[in-house]
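One structure below.
The values are calculated or read from the model by the stated rules, or taken from the named source; none is laboratory data. In this text the structure is predicted, and so the values were computed from the model without any measurement. All Cβ positions, even for glycine, are placed from backbone atoms using ideal geometry, and neighbour counts span all protein chains on display. Heads up: the accessible areas ignore ligands, DNA and RNA and are worked out on the full protein's heavy atoms, side chains in. Shrake-Rupley method; radii C 1.70, N 1.55, O 1.52, S 1.80 Å.
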Amino acid sequence: MKSIILLGGPGVGKGTLADFLKKQTDYIHVSTGDMLRAAIQSGSPVGLEAKSFMETGRLVPDSVVLRIVEERISQDSTGARFMFDGFPRTIEQAEGLDAIFKRLGGSLNHVFNLVVERPVLLRRLTGRRVCKTCGAVYHVTSRPPKQEGVCDVDAGELYQRTDDSEATILNRLEVYEKQTVPLISFYRKKGLLRDIDAGGKAEETDALVLKVLTA
Ligand code: ADP
């Protein structure tokens, strides 16, 4: 089983790229952010543990995240291919993922490092809107829905994530720099890293990644 990682700070467009790859490939989308938000909504023990971390833009403890990822991976057949979005976010999580692959079978094929300049990131994050029911991602100016506040896919209500406020965004960027950036050299040393310019239109990023996957 070969899997991929979508790596990059908040706002680089991991979720938007994942939506595209879900349609174009057989990779199964594993977003720890989505799984944690679902856990909070359902009021499960994991959700209760994660809530305060997420609302302030801090990372949820590695042990919690590794547990939900292992549970998710073990639900699928050993031949399944996964695309990890927002995971791993720390060296400990990356090492934990290696251990999970050893236990369940599997390995990494590519780590896509999505690169976007900071001013572009801030613009993207403050304008982001998400569908309450299907999770589709929009932007008030660069990717608006046909009808304001309504999802094109399933007519669900669009909302602004509570952690997309300006103060929390700055905190998430700082957390990314400190805790996740070390993963870039971690995976570069393993020869798995593919740098992708993700500062342009979503379609351009999609095409760059698809080219690597189909090469
Ligand atoms: P973004 O990539 O825009 O920050 P995510 O949905 O990936 O959005 O993550 C939102 C929040 O969920 C993070 O700020 C963090 O609190 C929590 N989270 C998601 N994935 C992880 C992870 N792998 N490790 C720790 N915390 C996580």
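Computed with a 1.4 Å probe over protein heavy atoms only, the accessible surface of the stretch 118-164 comes to 62 Å² per residue.
Give me the percent of DSSP beta bridges within the chain that run antiparallel, rounded to the nearest 5.
On the way: 8 of 26 bridges.
Percentage antiparallel, nearest 5: 30.
Averaged over all directions, how much area does the convex hull of the C-alpha atoms of the stretch 118-164 cover when projected, in nm²?
3.1 nm²
What you get for the chain, charging only the Cβ of Lys and Arg (+1) and of Asp and Glu (-1), is a dipole of about 320 debye around the Cα centre. Across the stretch 18-59, the residues whose backbone nitrogen lies under 12 Å from the label position 7 Å along the beta-carbon direction of residue 109 are 25-28. Around the amide H of residue 129, modelled in the peptide plane, lie the amide H atoms of 138, 139, 140, all under 5 Å away and 5 or more residues distant in sequence or on another chain. Bins of 5 Å, beginning at zero and ending with the bin holding the largest distance: percent of Cα pairs per bin for the stretch 1-128, please. Taking all Cα pairs of the stretch 1-128, the binned fractions are 2, 10, 20, 22, 21, 16, 7, 2, 0 percent.
The trypsin sites (Lys or Arg not before Pro) of the stretch 107-187 that meet both conditions, a loop assignment by DSSP and at most 10 other Cβ atoms within 10 Å of the site Cβ, are 146. Sparsely packed loop sites in the stretch 131-215 (the GluC sites (Glu not before Pro) outside DSSP H, G, I, E and B with at most 11 other Cβ atoms within 10 Å) comprise 148.
Across the stretch 1-158, how many lysine pairs separated by 8 or more positions, or lying on different chains, have Cα atoms within less than 16 Å? Present the calculation step by step, with values, prior to reporting the outcome.
Details: 2/22; 2/102; 14/22; 14/23.
The result is 4.
Between residue 132 and residue 153, the distance separating the two model label sites (each 7 Å from Cα on the Cα→Cβ line) works out to 1.7 nm. Going by the alpha-carbon gyration tensor, a ≥ b ≥ c the square roots of its eigenvalues, is the chain rounded (a/c under 1.5) or, if a/c is not under 1.5, prolate (a/b greater than b/c) versus oblate? Verdict is rounded for the chain.
Across the chain, the relative contact order, built from alpha-carbon pairs under 8 Å that are at least six residues apart, equals 30 percent. Using a probe radius of 1.4 angstrom, the carbon and sulfur fraction of the accessible surface of the stretch 118-164 is 53%. FRET efficiency for the residue 190 to residue 58 pair, using the beta carbon distance and R₀ = 30 Å, is estimated at 0.65. Taking all protein chains as shown and a probe of 1.4 angstrom, residue 62 keeps an accessible surface of around 40 Å². Over the chain, dividing the summed -39,500 (n - 2.57) contributions of all DSSP H runs of at least 4 residues by the number of residues returns a 222 nm mean residue ellipticity of -14000 deg cm²/dmol.
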